[in-house]
Amino acid sequence: MSLSLLTYATALGIAAAIPGPGVAAVVGQSMGNGLKSSLFLLAGMILGDLTYLTVAVAGLAGIAKTFSSAFLVIKVLGGAYLTYLAWKMWTGASGIIKTDAQRGTTAFGSFLSGFSLTLGNPKAIVFYLALLPTVLDLGAVGVSQWAALVCVTTLTLILTLTPYAALAHRARGLISRPSALKRITNTAAAIIGVTGMTILGQAAREVVRRS
C-alpha cells in the first residue's frame, strides 16, 4: 500500500501542478483578494478532490448519479460567486482596490468557489474517475486505506498549490503604484471571471444534456 500511495501522490502532484483552472483561480484570488482568501479557495478545492476520491473508492456510477443534481447546484452557485467577485474587483477604484476586494469576498464564498471549481474541473474528473483506478486497486481499499488516501491527497495538494498562492501574493505586495495595482487587480479579475464563466458554461451544458 505504501508504494501505491507514493505512486498516487506523485500522479496527483503532477496533475495539480500543471497550470489549469485550479492554478489560475488560486493565483487570481491571491493577487486580487489576498493570501487568506486564496487559502480558503484552496480548502474548497481540496474538499472537491476528496469528494471525487470518495466517489471513486465507494463506487463510481451509483454515487455520482445520486448526487449529480446537488453537484450541479453547487457549480452554479460557485460560478456565479466568482463572476460577481470579478465584477466587484474590476469596477473598484484604484485607490481602494485592496480594501474593497477584501470586503467583497468572504471565507465561505471563497471556499464554495473552490469546491465548485474542482467539481467542474475536467482535469479532476479525468484523474479521479478514470486514472485513479489504474493506479490503485479500488476494490481493495478499506476505511483505513481511504483515510490514508485522504491524508495523502490533502497534504499533496497543499504542498503543490500553496506556493502558487504565496508567490502571487508576494508579487502583488512588491508593487505599490496605484496604476500598477489596478492592472494587477484587473488581471486577477479577468482570471477569476473567466473561471467563473467557465463553471457556469459547464453547468449550462450539463442542463442541456439532461433536458
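Listed values, structure above:
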| read-out | value |
| --- | --- |
| Pair list, Cβ under 6 Å, 6 or more apart: the stretch 150-170 residue polar (S, T, N, Q), other residue part of a helix (DSSP H, G or I) and open to solvent by 30 Å² or more (accessible area, probe 1.4 Å) | Thr160/Ala17 |
| Residue tally, condition under 22 Å from Leu149 (Cβ atoms) and either modelled with pLDDT of 80 or more or of a type in the set (S, T, N, Q) (or both), over the stretch 12-35 | 6 |
| In the stretch 51-61, residue modelled with the highest pLDDT [restricted to those that are open to solvent by less than 50 Å² (accessible area, probe 1.4 Å) and of a type in the set (Gly, Ala, Ser)] | Ala56 |
| Those residues of the stretch 8-27 which are open to solvent by less than 10 Å² (accessible area, probe 1.4 Å) and either over 16 Å from Ser116 (Cα atoms) or touching a His at 6+ places or on another chain (Cβ under 6 Å) (or both), in sequence order | Tyr8, Leu12 |
| Criterion violated by Ala165 - all others in (1) hydrophobic (A, V, I, L, M, F, W, C); (2) within 26 Å of Leu77 (Cα to Cα); (3) modelled with pLDDT under 90 satisfied | (3) |
| Every residue from the stretch 2-41 that is at negative phi and part of a loop (DSSP other than H, G, I, E, B) | Ile18, Pro19, Gly20 |
| Val141 vs. criteria within 30 Å of Leu5 (Cβ to Cβ) and modelled with pLDDT of 80 or more | no |
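The rows are residues; the columns are (1) surrounded by 15 or more Cβ atoms within 10 Å (Cβ to Cβ); (2) modelled with pLDDT under 75; (3) not basic (Lys, Arg).
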position: Ser37; (1), (2), (3): yes, no, yes
position: Ala43; (1), (2), (3): yes, no, yes
position: Asp49; (1), (2), (3): yes, no, yes
position: Lys65; (1), (2), (3): no, yes, no
position: Ala101; (1), (2), (3): yes, yes, yes
position: Ala130; (1), (2), (3): no, yes, yes
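The values are calculated or read from the model by the stated rules, or taken from the named source; none is laboratory data. Only a predicted model underlies this, so the values are computations on that prediction, with no experimental measurement involved. All Cβ positions, even for glycine, are placed from backbone atoms using ideal geometry, and neighbour counts span all protein chains on display. Surface accessibility is based on the protein's heavy atoms, side chains included, excluding ligands, DNA and RNA. Shrake-Rupley method; radii C 1.70, N 1.55, O 1.52, S 1.80 Å.
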